[in-house]
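What follows draws every value from the coordinates through simple rules; no lab data is involved. The structure presented is a predicted model; accordingly, all values stated were derived computationally and were not measured. Because the Cβ atoms are built from the backbone with ideal geometry, glycine has one as well, and the counts that use them run over all protein chains shown.
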């Protein structure tokens, strides 16, 4: 008798719900018969990629019949220079998500523990489950990582700790001193992954010196990405910075050619375009202020954000509200899957996109 397919697969897949990225904007428009919708659901850069990145892409197209540089030499060297570290402290990933999964495969085994915030990036939970690790999810405190509670949750069985700063989906950041004290207090044989996907959006007073721990050899891996402020989400390119022995160990399990040649070329060029980063930061800061003020004027509760999105409590079921906004051509992300039943995550767009979002909210909420 043939066994069911699920019985043949790893038992840790049972009950694992695939990550839902949301529908492409074209599919939404086709289904609903609408046009010119705005997508404020995935925390993308509304300005798009740097012109330097686009030029580098065009130059790289002629060589796409060749395999990419498996070591990502030019990009690794550029990142090492940018952050003043040696190139053997840099690892590239197919988005920083791949590096989360890679670290889980390298460090977690059944019965060992992974500690993370309960309402943080869902992939941490997925990495723990698929490796058979015990999940230790610590509730947020005022929508922010409760680092004291997370430190208390670390046990002799803890192998891996995830900290998102700023946190997705709340947008909150912990005070730099608190994060630095936390990293100093974690046992030296526990790997701490500080997920800094939104690092470039942090205001100066909230920027921690996490690189200090990497430079001194602590078991800390910083993850950053070109998907957010650099506007290269479609190319899937991210990177990690960690002590050289840690990076060497991760590279043993890293797939060959895991980052493609177009992504490497575009990211190397984008890293040089400080003007594009500054422009994105300015439009994001202005958009955050505008959306927060307008939402509060509608009587809605807004979580202060250090990223490029807002978590907004609309006071009614989030999925139904998001669906109603869809019919006005505005795509946002309901957060019921994170336990925020009445919240929406709204990405910062261009000024016209932000204004359209507020107009749609007024219509849907009857304000």
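Brief remarks follow.
- Relative contact order for the chain, counting Cα pairs under 8 Å that sit 6 or more residues apart, in percent: 23
- Label-to-label distance, residue 31 versus residue 320, with points set 7 angstrom from Cα along the beta-carbon direction: 1.9 nm.
- With the simple spin-label model, which puts each label point 7 Å out from Cα in the Cβ direction, the residue 327 to residue 362 separation comes to 2.0 nm.
- Residue-averaged [θ]222 nm for the chain, counting only DSSP H segments that reach four residues, each worth -39500 (n - 2.57): -11500 deg cm²/dmol
- Alpha-carbon centroids, the stretch 36-88 and the stretch 139-193: separation in whole Å: 29
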